[in-house]
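Let me begin by presenting the structure, written as structure tokens, before commenting on it.
The values are calculated or read from the model by the stated rules, or taken from the named source; none is laboratory data. Since the model is a prediction, treat every value here as computed from it, not as a measurement. With ideal geometry, Cβ positions are generated from the backbone for all residues, glycine too; neighbour counts draw on all protein chains shown. The area values use the complete protein model at the heavy-atom level, side chains included, leaving out ligands, DNA and RNA. Shrake-Rupley method; radii C 1.70, N 1.55, O 1.52, S 1.80 Å.
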Amino acid sequence: MKVKVDERGYYGNFGGAYIPEMLYPNVEELRDNYERIMQAEDFQEEFQSLLKDFVGRPTPLYFAKRLSQKYGAKVYLKREDLCHTGAHKVNNTIGQILMAQRLGKKKIIAETGAGQHGVATATVCALMGVECIVYMGAVDMERQKPNVERMRILGAEVRAAESGSKTLKDATNEAMRHWINNPTDTHYIIGSVVGPHPYPEMVARFQSVISEEIRKQLLSHEGTEKPDYVVACVGGGSNAAGAFYHYYDDEDVQLVAVEAAGLGNDSGESAATTVLGKPGVLHGSKTLLMQTADGQVVEPYSISAGLDYPGIGPVHAHLFETGRAQFYSATDEEAMQAGIELSRLEGIIPAIETAHALAALNQMTFKAEDVVVLNLSGRGDKDLETYIKWGKY
Amino acid sequence: MTKRDMNRIEELFNRKSQRVLNVYFTAGYPTLNDTVGIMESLEATGADLIEIGIPFSDPIADGPTIQESNGIALDNGMTLKLLLEQLEGVRHKFGLPIILMGYINPIVQYGIEAFCQKCQEVGVDGLILPDLPMFEYLEVYKPLFEKHGLLNIFLITPQTSESRIREIDQNSNGFIYMVSSASTTGAKTGISQDQEAYFSRIKEMNLKNPTLIGFGISNKETFDKACENANGAIIGSAFIKAISQEGVIANNINEFIQSIKG
């Protein structure tokens, strides 16, 4: 099966560009230029050099011995948590700031949920000396205080999204409204594989360095580029898209996406979009969406602010619909336990988003020779307060 | 209903080409059952057409005033289904053209064909769906709109390229909604020199459709200015503010519309 975006921005039935006319010129400019810019030699040189020397790539592919013993398979961790700023998010913001410069944009806006994308955006803006405004839900600002201050230290202005549920969805709305009001000099760095075409594909391409490296690294570890499973958590789905990207065509590699089940998928407090969603349109693309019968977007819930989003990237809706990826979900409790387990078995405290991917290992059955690559998308420093509140360690 | 030869929006522009006043309000705001009452007051006070907003949880093209009215309408229990029920029978007592404006998702969930059919039944004349892509309109929606006598109204902005304006003009009917500035609704007030240059540029293009200017039209001064540059104007946020005030809603509407028309 081919997982490829068509010229209108669709992955099968999902994607596209559902935007008001006010955003059309900006999105069109990006759509018409991103491919050319990304492929230009000077872009690639600068991008690769920053990924290496600023981000610290390639990130290790680490054989997790004790975790492997526990689950009866060979489990490798792709250490995106070791990226500068603590998560995979920076791969995309490096790419997009270089894109913005080549489009002649002078100012940057971004949305953030947990604050990781906001920090990664504030970081590259500091690096390039560009003005940066990050929209963040007022509720998220409260539960992710350290990241708010990190952004401010880096010189970004953090604006509270006070509309709607005051979380990631509303931060995205506010960023889009800001872009409507500032259409010529501003680039919007979207943090996940969501939004109108070409964002989902562009962000996936910037994140695809993850699976590009996995292939090379696994070859030296295992003598094959292809694991049996690639496992990643999905909120919007940028780390999963990056980890899956170079495996889409290898059907013998099982792609496993893990969503946040919050307090349980039957509890009314969940963010598992493929379980609870239906096709719909939000933030510029047609995708699976948690919504009422009347088409109003429903507030998701997860302990993890980074997975607390009512949709998923259109590519993931497509992977789900076609069965190319298997979707699991993990509750708050399962994720927190998995986070503690990794801390104790491997000496790595994962981000709570990532802990959801780890929790899925419990739900899967493996053969001893199975090779599993799990994308360790972020580290848990930002989540200390949540771990402490949860307390069971 | 009886079959009409000409759409009410087309009839209006055939009859009137200057100072056309289109008023927007959000269905289900300020209270759930205000919809029809507001329509009747608008007709009585001399509005020319009305645009009813279908509330949505995430109205990204709208500023704070209309966002808030959407949120309150949803809290009041407004749904697209209920709005269409409220409009049943309204044509016995209401003569102005009716436009429904809404983000695409609630309409997709309702079912596009069922929606068009119901619009025709209750006497809706036109639709403004700001986040519907042009190609999808042409391939999927247009045949249904035509079958059910609905006109499709597109937006243009100061940033819209000339070639796209031509494409939009080609594929619009009724009128073109000229967004006055790069903004969300209600974000800016007044009309600047830059905007006037944009208005003249559009005027000189001699579009086949009439134009109405919206966004930032809030009082007599801005309405007059818009009417010098287009066939009329659309008032949204300022009207929502007017009906949010204390007092009898019909009186507030009357006072506001009189103040605009002068």
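For the reader, a short list of remarks on this structure follows.
- Accessible surface buried upon A-B contact (total; probe 1.4 Å; Å², nearest 100): 2800 Å²
- Theoretical FRET efficiency, 1/(1+(r/R0)^6), r = Cβ-Cβ of B:Glu196 and B:Ala114, R0 41 Å, to 0.05: 0.40
- Net charge contributed by nearby residues that have their C-beta within less than 15 Å of A:Glu46 (K/R +1, D/E -1): -1
- Extension gain, A:Glu222 to A:Phe54, is 57.6 nm, computed as 0.36 nm per intervening residue step minus the present C-alpha separation.
- Size descriptors for the stretch A:222-355 (Cα atoms only): Rg and Dmax, in that order, 15.1, 52 Å.
- Over the protein assembly as shown, the ratio between the Cα radius of gyration and 2.2 N^0.38 Å evaluates to 1.00.
- Computed from the C-beta positions of A:Gln69 and A:Ala293, the FRET efficiency with R₀ = 45 Å rounds to 0.40.
- Peptides B:121-130, A:88-97, ordered by how many other C-beta atoms sit within 10 Å of their residues on average, highest first, read A:88-97, B:121-130.
- Relative contact order for chain B, counting Cα pairs under 8 Å that sit 6 or more residues apart, in percent: 23 percent
- Calculated log₁₀ intensity ratio I(q)/I(0) where the Debye formula runs over C-alpha points of the stretch B:122-262, q = 0.15 Å⁻¹: -0.81
- Taking only the C-alpha atoms of chain A, the Rg (one decimal) and the largest Cα-Cα distance, Dmax (whole number), read 19.1, 56 Å.
- Using the Karplus relation 6.51 cos²θ - 1.76 cosθ + 1.60 with θ = phi - 60°, the per-residue 3J(HN,Hα) values for the stretch B:101-114 come to 10, x, 5, 5, 4, x, 6, 4, 5, 5, x, 5, 5, 4 Hz, with x marking Gly and Pro.
- If you take all other residues with their beta carbon under 13 Å from the beta carbon of A:Gly223, and give Lys and Arg +1 and Asp and Glu -1, the sum is +1.
- Amide N of the stretch A:357-383 lying under 20 Å from the label point, which is placed 7 angstrom from the Cα of A:Glu333 along Cα→Cβ: A:357-364
- Within the accessible area of the protein assembly as shown, the carbon and sulfur atoms contribute 48%, probe 1.4 Å, all protein chains present.
- Fully extended contour minus Cα-Cα distance, from B:Glu121 to B:Glu204, at 0.36 nm per residue: 26.0 nm
- Lysine pair count for chain B [Cα-Cα under 18 Å; pairs on different chains or 8 or more apart]: 18
- Buried on assembly, the stretch B:155-169 (at least 10 Å² less accessible surface than by itself, 1.4 Å probe): B:Leu155, B:Thr157, B:Gln159, B:Thr160, B:Arg164
- Debye intensity ratio in log₁₀ form over the Cα atoms of the stretch B:120-182, taken at each q of 0.11, 0.20, 0.26 Å⁻¹: -0.25, -0.78, -1.20
- Remark: chain B projects, on average over all directions, an area of 12.6 nm² (convex hull of Cα atoms).
- Cα-centred dipole magnitude for the stretch B:41-85, charges only on beta-carbon of K, R (+1) and D, E (-1), debye, nearest 20: 100 debye
- Ratio of Rg to Rh over the stretch A:105-206 (Cα coordinates, Kirkwood Rh, two decimals): 0.94
- Both numbers refer to the Cα atoms of the stretch A:200-243; Rg and Dmax are 11.2, 32 Å.
- Note on chain A: with charges restricted to the Cβ of Lys and Arg (+1) and Asp and Glu (-1), its dipole about the Cα centre is near 560 debye.
- Rg over Rh for the stretch A:1-87 works out to 1.14, both radii taken from alpha-carbon positions and Rh defined as the Kirkwood radius.
- If you take all other residues with their beta carbon under 14 Å from the beta carbon of B:Gly28, and give Lys and Arg +1 and Asp and Glu -1, the sum is -4.
- Approximating the spin labels as points 7 Å out from Cα along Cα→Cβ, the B:Val140-to-A:Glu162 distance works out to 3.7 nm.
- When the inverse distances between all different Cα atoms of the stretch A:1-148 are averaged and flipped, the Kirkwood radius reads 17.9 angstrom.
- For the protein assembly as shown, with +1 on Lys and Arg beta carbons and -1 on Asp and Glu, the positive-most of B:Asn7, A:Leu358, B:Ile153 along the dipole: A:Leu358
- Residues of the stretch A:268-297 that lose at least 50 Å² of accessible area (1.4 Å probe, protein heavy atoms only) when the other protein chains are present, relative to their chain alone, are A:Val281, A:Asp294, A:Gln296.
- Interchain or long-range residues, amide H under 5 Å from A:Gly262's placed H: A:Ala271, A:Ile303, A:Asp332
- If you wrap the tightest convex hull around every Cα atom of the stretch A:68-165 and split its volume per residue, you get 135 Å³.
- Residues of the protein assembly as shown: accessible area per residue with a 1.4 Å probe, Å²: 36 Å²
- Relative to the current alpha-carbon distance between B:Asn14 and B:Gln170, full extension at 0.36 nm per residue lengthens the span by 54.3 nm.
- The stretch A:62-117: C-alpha gyration tensor shape, a/c 1.5 cut-off, then a/b vs b/c: prolate
- Kirkwood estimate for the stretch B:1-108, i.e. one over the average of 1/r between Cα atoms, Å: 14.7 Å
- Candidates B:Pro106, B:Pro143, B:Pro210, ranked by Gaussian network fluctuation over chain B, Cα under 10 Å, top entry: B:Pro143
- Of every Cα-Cα pair in the stretch B:203-262, the percent that sits beyond 16 Å: 47 percent
- Threshold 50 Å², the stretch A:7-23 residues less accessible with all protein chains present than alone (1.4 Å probe): A:Arg8, A:Tyr18, A:Pro20, A:Glu21, A:Met22
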